[in-house]
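Colleague: Encoded as structure tokens, here's the structure I'll be asking about.
The values are calculated or read from the model by the stated rules, or taken from the named source; none is laboratory data. Remember, it's a predicted structure, so these values are computed and weren't measured experimentally. Here the Cβ positions follow ideal geometry from the backbone for every residue, glycine too, while neighbour counts run over all protein chains shown.
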Amino acid sequence: MSCPAQPGSPWRLPRRAALGVGLALFVLQFSAPAQNASEDQVKAAYLFNFAKLAEWPSDALPADSPLVIGVSGGDENFLGALKTVVAGKTIGTHTLLVNPVKSQEDMKSCHIVFFRASEKKHTEDAIVGLTQTGVLLVGEDESFLRQGGMINLVKDHGSIRFEVNADALDRSQIHFSSKILALAKTGYGSAPAAASNSPTEGPRRLERSAPPEYPKLAVRLKLTGTAQVQALVKPDGTVKEVTIVGGHPVLADALARAVIQWKYQPASKETRELIKFSFTPQ
């Protein structure tokens, strides 16, 4: 039986309870549009919450060392908003620092790097150089997860939400509670929801196909594995749309780009065809 806190003495929640409270606050803060906060302030709050809820390997974030959030391409307004959010706060034994970053060497000294959309031309090369460094890579561009990023902030019906590249997170050895990841907007690795008027299931025979090109980024990252997509095929045999079902986003995107060009035999109805492809080095 626990003893009541004495007047004037510090009182702390047990770790399990503290995580539960942190999760509840995370849901409360981001499950609805922020009426009085700017977009910069909301994204800054996300970065702070990711810092609070992530668990880094001990060699990437030693005890008592500062936790550094780097911003690539951020203007002074965003840097100011982020510095205001973290001002005076600590996470465990870690003080928080916010730094603008311009090079990979700058980024390697960070624990989180936030890539602004203005940096999209340089983002892919930066990600390749950070794959083994224990840095949480957060972006805000629609192509960010395909390039190997870990978390992407997106607009969704007036709110800012986040998408997750689970494979990239796994490789980084940076961990989040599964309950936090469950809050992510549906993205890579998620099966499409079934519609009430779903077309009949295949399979239909292929008339024309070509294997996907092994992506240059996958070669550089030495990525292998199986990607899986679902094709919605029209009665005339052409592919209407392709939905990514599973696999690393870089590989799955390459498969989707190939499948959209395929041609199936004609049929009386639209069908859904499930396609798997194993990528191995040439």
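Colleague: May I ask you to verify whether residue 148 is surrounded by fewer than 16 Cβ atoms within 10 Å (Cβ to Cβ) and over 22 Å from residue 80 (Cα atoms)?
Modeller: When the stated conditions are applied, residue 148 does not pass them.
Colleague: Which pairs do you get when a residue that is of a type in the set (D, E, K, R), found in the stretch 232-250, comes within reach of a residue that is part of a strand (DSSP E or B), reach meaning Cβ atoms under 6 angstrom, with the pair 6+ apart or on two chains?
Modeller: 234/240; 240/232; 241/232
Colleague: Can you report the number of residues in the stretch 232-261 which are of a type in the set (A, V, I, L, M) and either outside the structural domain of residue 213 (by TED's automatic domain parsing) or part of a strand (DSSP E or B) (or both)?
Modeller: Result for the stretch 232-261: 6.
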